[in-house]
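**Student:** This is the structure, below, for whatever I ask next.
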């Protein structure tokens with residue numbers, strides 16, 4: 001089983017249950033204590049109008065090695081711990097750029113800050 005580094009952008013079975021599969025960003029897998037059975041991800045989506053929370057657009061400047069055919073949004077509140085077996089092999093895999101890492105970090109920080 002591949003253990004992905006933080007910032008890997010790939011596809012997984014949709015942990016939200018809204019779709020069969022969805023693009024995700026791996027926040028923690030490779031260095032987790034139980035990396036053979038879990039990894040933490042944040043979901044991406046294509047529609048920001050359905051969500052009451054901020055859904056910043058993720059663009060090509062945030063990504064290396066992967067592109068999406070439609071406008072894609074970061075769903076910072078959609079954090080899940082999933083089994084590594086939910087990651088879909090054979091799907092495109094990319095990595096966040098340095099700008100992308102900062103973008104995701106700021107979105108997660110803003111969500112946490114606004115929660116209090």
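The values are calculated or read from the model by the stated rules, or taken from the named source; none is laboratory data. These figures come from a predicted structure and were not determined experimentally. Reconstructed Cβ throughout: ideal geometry from the backbone, glycine too, with neighbour counts over all protein chains shown.
**Student:** Determine, yes or no, whether residue 54 is touching a residue at least 12 places away in the same chain (Cβ under 8 Å), over 13 Å from the mean Cα position of the chain (by Cα) and buried (at least 16 other Cβ atoms within 10 Å of the Cβ).
**Tutor:** In short, no.
**Student:** Hey, does segment 37-48 have a residue that's surrounded by 12 or more Cβ atoms within 10 Å (Cβ to Cβ), farther than 14 Å from residue 11 by Cα, in contact (Cβ under 8 Å) with a residue 12 or more places away in the chain and touching a strand residue (DSSP E or B) at 6+ places or on another chain (Cβ under 6 Å)?
**Tutor:** Checking segment 37-48: at least one residue is surrounded by 12 or more Cβ atoms within 10 Å (Cβ to Cβ), farther than 14 Å from residue 11 by Cα, in contact (Cβ under 8 Å) with a residue 12 or more places away in the chain and touching a strand residue (DSSP E or B) at 6+ places or on another chain (Cβ under 6 Å).
**Student:** To continue, here is another question. Quick one: is residue 54 in contact with a helix residue (DSSP H, G or I) (Cβ under 9 Å, 6 or more places away or on another chain), at pLDDT 75 or above and part of a loop (DSSP other than H, G, I, E, B)? It would help to see each step written out before you state the result.
**Tutor:** Values: in contact with a helix residue (DSSP H, G or I) (Cβ under 9 Å, 6 or more places away or on another chain): yes; at pLDDT 75 or above: yes; part of a loop (DSSP other than H, G, I, E, B): yes.
Considered against the rule, which asks whether it is in contact with a helix residue (DSSP H, G or I) (Cβ under 9 Å, 6 or more places away or on another chain), at pLDDT 75 or above and part of a loop (DSSP other than H, G, I, E, B), residue 54 comes out as yes.
**Student:** Which of the residues spanning segment 91-101 are in contact with a strand residue (DSSP E or B) (Cβ under 9 Å, 6 or more places away or on another chain) and either without any contact (Cβ under 8 Å) to a residue 40 or more places away in the chain or buried (at least 18 other Cβ atoms within 10 Å of the Cβ) (or both)?
**Tutor:** Of everything in segment 91-101, those that are in contact with a strand residue (DSSP E or B) (Cβ under 9 Å, 6 or more places away or on another chain) and either without any contact (Cβ under 8 Å) to a residue 40 or more places away in the chain or buried (at least 18 other Cβ atoms within 10 Å of the Cβ) (or both) turn out to be 94, 95, 96, 97, 100.
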